[in-house]
Amino acid sequence: MRRTLIPVLGATAALLALTSCSGGADAYCTTLTDDSATAAVVYTTLIPGMNTVEEAQARLDLVIAAEEDVPEELAEDLSTWKGYLEGAVQDLDADPNAVFEEGNSDDVSSAGDALFQHYTGTCMS
């Protein structure tokens with residue numbers, strides 16, 4: 001009996017740990033998937049001349065809505081991405097080159113990649 005109790009307790013602890021971690025991800029994913037059209041492009045960089053300020057604002061609005069429930073491991077990336085979108089909303093028409101350069105910076109690009117990977121790997125599965 002002792003041999004079977006330890007694996008059961010270990011499995012129970014692992015299940016509880018997974019359940020507690022997925023709660024935030026579930027709410028975060030639900031927020032994104034509720035607006036699947038915007039979510040499909042929310043973590044891709046904006047292209048001046050192809051994207052509008054209104055599209056940038058829609059992406060920013062979705063990020064703000066998802067921000068409350070973002071999984072802890074993505075919080076910094078989401079903050080970086082949110083800053084990028086805030087700048088894009090202000091500068092897309094006024095300084096499109098700055099928006100393009102910021103979107104291709106290492107920090108923003110890495111954040112977008114991490115967020116996109118989580119979205120497609122977790123929220124879409």
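Summary table
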{"item": "Qualifying positions in segment 45-73 - in a loop (DSSP other than H, G, I, E, B) and acidic (Asp, Glu)", "result": "Glu68, Asp69"}
{"item": "Residue among Asp107, Asp93, Asp77 that alone is out of contact with any Lys or Arg (no Cβ under 9 Å at 6 or more places or on another chain), in a helix (DSSP H, G or I), exposed (fewer than 15 other Cβ atoms within 10 Å of the Cβ) and of a type in the set (Asp, Glu)", "result": "Asp107"}
{"item": "Check on Ser109, at pLDDT 95 or above and among the hydroxyl-bearing types (Ser, Thr, Tyr)", "result": "yes"}
{"item": "Ala98 without any contact (Cβ under 8 Å) to a residue 12 or more places away in the chain, assigned to a loop (DSSP other than H, G, I, E, B) and either in contact with a His (Cβ under 9 Å, 6 or more places away or on another chain) or not basic (Lys, Arg) (or both)", "result": "no"}
{"item": "Exclusive hit being of a type in the set (S, T, N, Q) and either on the phi > 0 side of the Ramachandran plot or in contact (Cβ under 8 Å) with a residue 12 or more places away in the chain (or both), set Ser105, Ser110", "result": "Ser110"}
{"item": "Residue check, Thr38 of a type in the set (Val, Ile, Thr), more than 26 Å from Ala98 (Cα to Cα), out of contact with any strand residue (DSSP E or B) (no Cβ under 8 Å at 6 or more places or on another chain) and in a helix (DSSP H, G or I)", "result": "no"}
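The values are calculated or read from the model by the stated rules, or taken from the named source; none is laboratory data. Just so we're clear, the structure is a prediction, and the values are computed from it rather than from any experiment. Ideal geometry is used to build each Cβ from the backbone, glycine not excepted, and the neighbour counts take in all protein chains shown.
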